[in-house]
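*Asks:* Sharing a structure, written as structure tokens. Questions coming.
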Amino acid sequence: MRIIGITGGIGAGKSSVSAILEELGAVVINADLISKQVVEPGEPAWSEIKETFGEDFIREDNTIDRKKLADEVFVSKEKKLLLEKIIHREVMAVIRTKLAAMQEYGYNGTVVLDVPIPVENGFLDTVDRVWVVVSNDETRIDRLAKRSNMSREEVEARMSSQLTQDEYMALAHEVIKNDGSQEDLKRYVTSLYNRFLADIKAVGN
């Protein structure tokens, strides 16, 4: 089993790259989806968030008010890091369990970890290769404005709260520039993946 880690800043297009790799036969584990699952009512992360941030962020149906919590933590680096620590721990536990099960059942294909924040413990020390997706800031802002209700100021605040694209690229074995069309992206990612598989085969021989 070989593992490719896909990461990049918000709006860069990492999910698009993961979707292309899934079409090419890889199994994708999406950390964003898992992060939503681990904060469901009654889950350990939900309990810790409630205890740490208070009842004000819990709706009447017991779900976390994600928008309200995001607005709270994105103006405080300390609170943001605290929330990330709570969620990352649970997300990485789920990912490790999934990977262990796949290994136990003898899966020998490619796994893609789609992770927005490339933490060292559980991501960088788990993947074989890190592919970073980047895009120019105006393109990212435009994408995010189209798919969300955030204002430009809110989008820029979210972007500035993450690693810079240079910091992401410093972690990369491969950098994927996503400023063109979807067809351009698919062509490039397919070529990159085919080269990755060829390298694996060559090492195996």
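The values are calculated or read from the model by the stated rules, or taken from the named source; none is laboratory data. Computed from a prediction, not measured in an experiment: that's the story for all the values here. Positions of Cβ are generated from backbone atoms using ideal geometry, with glycine treated the same way; all protein chains shown enter the neighbour counts. The area values use the complete protein model at the heavy-atom level, side chains included, leaving out ligands, DNA and RNA. Shrake-Rupley method; radii C 1.70, N 1.55, O 1.52, S 1.80 Å.
*Asks:* For the range 157-205, which positions are among the charged types (D, E, K, R) and at pLDDT below 85?
*Replies:* The answer is ARG158, LYS201.
*Asks:* Identify the residue in the range 8-28 that is of a type in the set (Val, Ile, Thr) and either at pLDDT below 95 or touching a Lys or Arg at 6+ places or on another chain (Cβ under 6 Å) (or both) and, among all such residues, is least open to solvent (accessible area, probe 1.4 Å).
*Replies:* Filtering the range 8-28 for residues of a type in the set (Val, Ile, Thr) gives 10, 17, 20, 27-28.
Now restrict to residues that are either at pLDDT below 95 or touching a Lys or Arg at 6+ places or on another chain (Cβ under 6 Å) (or both): 10, 20.
On the way: ILE10: 40, ILE20: 5 Å².
Within the range 8-28, the match that is least open to solvent (accessible area, probe 1.4 Å) is ILE20.
*Asks:* Name the residue, out of VAL94, VAL115, that is closer than 20 Å to LEU163 by Cα and at pLDDT 90 or above.
*Replies:* Matching residue, one of VAL94, VAL115: VAL115.
*Asks:* Something else about it: Does ALA31 meet the test of being within 13 Å of the chain's Cα centre (by Cα), within 20 Å of PHE123 (Cα to Cα), modelled with pLDDT of 90 or more and open to solvent by 30 Å² or more (accessible area, probe 1.4 Å)?
*Replies:* So ALA31 fails the test.
*Asks:* So which pairs qualify, if the first residue must be in the range 110-127 and over 16 Å from MET169 (Cβ atoms), the second must be among the basic types (Lys, Arg) and outside any strand (DSSP E or B), the Cβ gap must be under 8 Å, and the two must be at least 6 apart or on different chains?
*Replies:* Final answer for the pair search is ASP114/LYS14; GLY122/ARG96; THR126/ARG96.
*Asks:* Looking only at residues in the range 157-170 that are out of contact with any strand residue (DSSP E or B) (no Cβ under 6 Å at 6 or more places or on another chain) and not small (Gly, Ala, Ser), which one is least open to solvent (accessible area, probe 1.4 Å)? Outline the logic, then answer.
*Replies:* The first filter runs over the range 157-170 and keeps only residues out of contact with any strand residue (DSSP E or B) (no Cβ under 6 Å at 6 or more places or on another chain), leaving 157-164, 166-167, 170.
Next cut, not small (Gly, Ala, Ser) only: 158-159, 162-164, 166-167.
Numbers: ARG158: 46, MET159: 23, GLN162: 47, LEU163: 68, THR164: 74, ASP166: 112, GLU167: 91 Å².
The qualifying residue least open to solvent (accessible area, probe 1.4 Å) is MET159.
*Asks:* Can you give me the ranges of the helices (runs of 4 or more DSSP H) entirely in the range 10-94 with at least 2 residues that are in contact (Cβ under 8 Å) with a residue 40 or more places away in the chain?
*Replies:* Per the criteria, 14-23, 31-37, 44-53.
*Asks:* Now, a different point. Could you check VAL132 against (1) within 23 Å of LYS80 (Cβ to Cβ); (2) at pLDDT below 95 and say which number it fails?
*Replies:* It fails just one condition, (2).
*Asks:* Give me a count of the residues in the range 171-205 that are among the aromatic types (Phe, Trp, Tyr) and open to solvent by 70 Å² or more (accessible area, probe 1.4 Å). Spell out the reasoning first.
*Replies:* Of the residues in the range 171-205, the ones among the aromatic types (Phe, Trp, Tyr) are 188, 193, 196.
Cutting the leftovers down to open to solvent by 70 Å² or more (accessible area, probe 1.4 Å) gives us 188.
Residues meeting the conditions: 1.
*Asks:* Restricting the search to the range 101-122, which residues are open to solvent by less than 50 Å² (accessible area, probe 1.4 Å), assigned to a helix (DSSP H, G or I) and farther than 20 Å from ILE200 by Cα?
*Replies:* ALA101, GLY122
*Asks:* Hand me the list of helices (runs of 4 or more DSSP H) wholly inside the range 145-205 holding 2 or more residues that are more than 19 Å from the chain's Cα centre (by Cα).
*Replies:* So the answer is 152-161, 182-204.
*Asks:* Further, regarding this structure: Test LEU82 against the stated conditions and say whether it is open to solvent by 30 Å² or more (accessible area, probe 1.4 Å), closer than 29 Å to SER18 by Cα and within 21 Å of the chain's Cα centre (by Cα).
*Replies:* It is true that LEU82 is open to solvent by 30 Å² or more (accessible area, probe 1.4 Å), closer than 29 Å to SER18 by Cα and within 21 Å of the chain's Cα centre (by Cα).
*Asks:* Ok, one more. Being without any contact (Cβ under 8 Å) to a residue 60 or more places away in the chain and open to solvent by less than 80 Å² (accessible area, probe 1.4 Å) is the filter here, so list the residues in the range 143-155 that pass it.
*Replies:* Selection gives ALA145, SER148, MET150, SER151, GLU154.
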